[in-house]
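Okay, structure first, notes after.
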Amino acid sequence: MPTTISSEKASQLVKHFFEITSEASKLPGEIDQNFKITSETKAEFILKISHPDTSEAYLDFQQKIHEHLEGYEEIVKAPTYIRNRDGKATSTHTTETGKEVTVRLLTWIPGRLWSHVNPQLDPLRFSLGQQVGLLTKVLSDFNHPEAHRIFQWDIAQSLWTTKHISLFTAEETQILTHFQTKFETAQPTYTTLRKSVVHNDANDNNIIVSHDLQSPKVEAIIDYGDAVYTQIINDVAIACAYASMGKHDPLEASLAIVKGYHQSFPLQEEELNHLYIAIAMRLVISVTKSVINKVENPENEYLLISEKPAWELLKKWFQIHEDFAHFSFRNACGFPANPSEAPFKEFIKNQSFSFSELFPSEAKEEIQLLDLNIASTWIGNTTEFNNLDLFQYKITQLQKEHPTKLIAGGYCEARPLYTASSFDKEGNNGPESRSIHLGVDFWLPEQTPVHALLDGEVFTATNNAKYKEYGGLIILKHTEDNLTFYTLYGHLSVASATRYNIGDRIAKGDCIGYLGNSSENGEWVPHLHFQVMLSMLDYEFDFPGVTYPNQLDVWKSICPDPNLFFKNKDLGTQYPTADETIITFRKEHLGKTLSLSYNKPLHIVRGEGVYLIDTLGKKYLDTVNNVNHVGHQNPKVVAAGQRQMSILNTNTRYLHEEIVAYANALLKKLPKEISVLHFVNSGSEANELALRMARTITGNTDMLAIEAGYHGNTTSVMEVSSYKFDGKGGAGKPADTHILPLPDPFRGRHTGEDGGVAYARYAKKAIEHLKVVDENIAGFIGESLVSCGGQIVPPKNYFKEVYKHVREAGGICIADEVQTGFGRMGKTFWAFELFDVIPDIVTMGKPAGNGHPLAIVACTQQMADAFANEMEYFNTFGGNPVSSAIGRSVLQCIEDDNLQQNAREVGSFLKAELKALQQQFPIIGDVRGEGLFLGFELNDTSKKPLAHHATYLANRMKDLGILMSTDGPDYNVLKIKPPIVFSLENAKELIFRLKTIFAEDFMLQYHQL
């Protein structure tokens, strides 16, 4: 630009031509100079000052586009021209250098630029596709001579970039020439595609997004300076190219755009053939323009702004197979992903094959379906299915039970078996694992001969050690009725895989090989993996036998069901019950008070350590579940329960060593004063019994309890649970319950150094008030750290002072350790030990049995003796041998695996990292807790709780594969109390994802809401 117009000058021009007093602020632009104009009345406009060399024809083109769009204002939003004082759409200004420029003032479309929106999720990208499609629709009947100009940003004209290939490195040149060559080769069909005037520049700074921070949508596409008459598919490609930048999986990110566009303006199948290359060529133009501009206009940062992300995307795009992208685009538009799918199904429909043709030595035609899905109880836990000897034994036993049947199954079955990290990747929504099996497995002895079902030629025959997924592998290529497809035979022996050359002919019925043993076939028990492929996607040796759930629809079209050959009714995989079916049943037949977590409930079918796993194999890092204390389905705990369950489970009226062994192990973890145990089934029962003991011993009924405390779901404990009776549906405080203020050092009544003493005085006042009416207390019950109250750590001296006041009044002190016990605190085994007090009664639950219903009431000998009033306390299941064995195993795991120390170390790291996040994101009002019992609450600058933000955070974290939950009286506290096997790596993952979500718009804008 010969003369740069200042913001002050821009305001003067607006005043001169449009008689509007305003302030101007500079906006980015490649050719025009752009300003945001804000008038005295707060009306907003955009001022565009053209380059002096801009032709009148081009300016007329721009004006005509806007005038055309005004006729479609009910369909699309677009800026409109503001007429100057002479009633004209354009004004002419002479710059200080004597150059004439054209001045245009347009209405401002309110909203946010796409580049300022975080996160950019599929619903937003879908709305982008919709808006671009609508714009194509309304421009389809518009034309102008200038739209047919020579324009370097037109993908159709992009081969000009070949002249500048020498400016790039060898690696860059390889990528650029790959796409340029493909584009040039595609010209005969590409040039025949539909054409229209299109926007041609849906980039980050031309997309206006609504102000809605939770469910943003694209409102409009602005700036028609790059509009051109070209192939319609190019406009889709441009939107995909820009909106996929910075994404881990750009192809997946682009699919929502394509889907949205197709809804507004249906795409044709032949257009989708060219979309992958069109996206690439837009990126080729971008990086070529950038490298040229580095030389010609090094001071113009706007011209270089997309260079790095464009190259990052171009390199990722280069790694995506063109056919797979094409199939994905077709699937997004509702077409069969693979065009060969329908012809193949038509061909195979009239064919008939028997299992005896595949395995003549077996002569079996019936199938025993083997269930290896995520929820399968047959395969057991990780330890069991990774034990090859055990797996083989179970297969052998199953075959003995069904001697006339082939054991088989697996097509599109989600399996937990694929545990290697090679099956994991970072997706656009957190970690993703390959879990869906694409073939059928037949479980047969090693050296079972395998025969060809069809004539074919050897496409692959290898036992390359690099590709362990299949062991010995043979792929046959078949050509039938002008249709080419492939059959894959995996897990063969080494000899089978190495006796062929590529191209060798195989006749139907020929023996092509023999099943390998475990050392030959990828460390699996002998079986055949049989798979059908309609496209090889340029794979030679390592064709995927497993895929990611979000790619399943495409892969099903590439790899159709092998049972299409056999048409056996028993070979169909049994899929989990649909989520909606379960939800409907729950609503109709389960208690109406039974709630589900998260906006979109999870269908969880397997647990493993710190993870919960859904029906498709997606793993969720569990930071909430303090029930599975030593890890979900801990193999040692499971085995202990199974062993005892297999020989005896009965009540405590009989002598049995297991209850004594467990009691001895548990007493070693308690202060010597706590020496008597009562066994029950749940924390609610434990607290119920503790209350009964206190009232029986003292002869009084009045209890002191903490505000927002929760002690269980039975009648008596509900009556001392403020969290419940003060909440929705609660009936309020019973007369004999006296609630002490929540001892919250952050947002409570007392936040100073002497807060503990001050809070404890409320106990003394309550006791004194009762004495006035000639009543006494039975005791005090309190969670050692208040969980449902918001992970509250009471101030020092609080419990010491409360206990003192209670005991002076003859009351009994009950410590509720249902949520906090068993080493979770790290520093101590029990939370009450943090406060240097010894309760009269300690209640335990949840973690005691690691998910098995087991709970304990522990007390002093004095309490036990006083409670023994000749009325027997008997619990049918409490202390049974199975529960006792499980409980003892939990204690053993804590000891053997040093889990208390782990809770201390990992908890300390997490707490420090959360405090660091607090400095970066002030929405975190407080971080508190001990060990792996932590919480942080969300507040505005005046400590007002932000419950909606907490809910948003929990749901977004779930989307990224981490389970969190909200709590506290205001539901603004995120609690962290995972299984105490939670590792340092798990903690780092949690912090990384939290940092991601805290940086999102909704979380950052809390002070404005």
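The values are calculated or read from the model by the stated rules, or taken from the named source; none is laboratory data. As the structure is a prediction and not an experimental result, all values here were calculated from the model. Counting neighbours? That spans all protein chains shown, and the Cβs are built from the backbone with ideal geometry, glycine included.
Miscellaneous remarks
- Enumeration of residues in the range 355-374 that are under 30 Å from Ile604 (Cβ atoms) and either buried (at least 18 other Cβ atoms within 10 Å of the Cβ) or modelled with pLDDT of 95 or more (or both): Ile367, Gln368, Leu369, Leu370, Leu372, Asn373, Ile374
- Residue check for Val554: over 21 Å from His491 (Cβ atoms), in contact (Cβ under 8 Å) with a residue 24 or more places away in the chain and either among the β-branched types (Val, Ile, Thr) or part of a loop (DSSP other than H, G, I, E, B) (or both): yes
- The single condition among (1) in contact with a Gly (Cβ under 9 Å, 6 or more places away or on another chain); (2) surrounded by 21 or more Cβ atoms within 10 Å (Cβ to Cβ) that Ala278 does not meet is (1).
- Just one residue in the set Leu139, Leu121, Leu134 is closer than 25 Å to Val209 by Cβ and over 37 Å from the mean Cα position of the chain (by Cα); that residue is Leu139.
- Set Ser6, Ser55, Ser39: member being small (Gly, Ala, Ser), in contact with a Ser or Thr (Cβ under 6 Å, 6 or more places away or on another chain) and at negative phi: Ser39
- Selection within the range 698-733 - over 25 Å from Asn681 (Cα atoms) and crowded, with 19+ Cβ neighbours inside 10 Å: Asn700, Asp702, Glu707
- So Leu621, is it part of a strand (DSSP E or B), in contact with a helix residue (DSSP H, G or I) (Cβ under 8 Å, 6 or more places away or on another chain) and modelled with pLDDT of 95 or more: yes
- The range 834-869, residues that are surrounded by fewer than 24 Cβ atoms within 10 Å (Cβ to Cβ) and either polar (S, T, N, Q) or without any contact (Cβ under 8 Å) to a residue 24 or more places away in the chain (or both): Thr860, Gln861, Gln862, Asp865, Ala868, Asn869
- Tallying residues that are surrounded by 20 or more Cβ atoms within 10 Å (Cβ to Cβ) and either at pLDDT below 95 or farther than 19 Å from Leu946 by Cβ (or both) within the range 970-988 yields 8.
- Scanning the range 721-745 for residues that are at pLDDT below 95, closer than 26 Å to Lys796 by Cβ and assigned to a loop (DSSP other than H, G, I, E, B) gives a single hit, Ser721.
- Qualifying residue in the range 654-665 (condition: surrounded by fewer than 17 Cβ atoms within 10 Å (Cβ to Cβ), touching a residue at least 60 places away in the same chain (Cβ under 8 Å) and closer than 17 Å to Val857 by Cα): yes
- Any hit, the range 221-228, residues being closer than 30 Å to Glu432 by Cα, within 33 Å of the chain's Cα centre (by Cα) and either crowded, with 24+ Cβ neighbours inside 10 Å or of a type in the set (A, V, I, L, M) (or both): no
- Unmet criterion (only one of (1) charged (D, E, K, R); (2) crowded, with 22+ Cβ neighbours inside 10 Å; (3) more than 21 Å from Gly133 (Cβ to Cβ)) for Glu171: (2)
- Which numbered condition Ile208 fails, given (1) assigned to a helix (DSSP H, G or I); (2) in contact with an Asp or Glu (Cβ under 7 Å, 6 or more places away or on another chain): (1)
- Residues that are β-branched (Val, Ile, Thr) and in a strand (DSSP E or B) within the range 69-126 comprise Thr92, Thr94, Val101, Thr102, Val103, Thr107, listed in sequence order.
- Condition check for Lys508: in contact with a Phe, Trp or Tyr (Cβ under 9 Å, 6 or more places away or on another chain), more than 20 Å from Leu417 (Cβ to Cβ), of a type in the set (Lys, Arg) and surrounded by fewer than 23 Cβ atoms within 10 Å (Cβ to Cβ): no
- Output for the range 734-760, where each listed residue is surrounded by 15 or more Cβ atoms within 10 Å (Cβ to Cβ) and basic (Lys, Arg): Arg747
- Out of Gly509, Gly522, one residue alone is touching a strand residue (DSSP E or B) at 6+ places or on another chain (Cβ under 9 Å) and modelled with pLDDT under 95. It is Gly522.
- Qualifying residue in the range 257-273 (condition: in the same structural domain as Thr161 (by TED's automatic domain parsing), out of contact with any strand residue (DSSP E or B) (no Cβ under 7 Å at 6 or more places or on another chain), under 22 Å from Leu176 (Cβ atoms) and surrounded by fewer than 23 Cβ atoms within 10 Å (Cβ to Cβ)): yes
- Within the range 564-620, considering residues that are among the acidic types (Asp, Glu) and in contact with a Leu (Cβ under 8 Å, 6 or more places away or on another chain), the one surrounded by the most Cβ atoms within 10 Å (Cβ to Cβ): Asp614
- Test: residue in the range 716-732 that is closer than 26 Å to Asn651 by Cα and in the same structural domain as Gly811 (by TED's automatic domain parsing): yes
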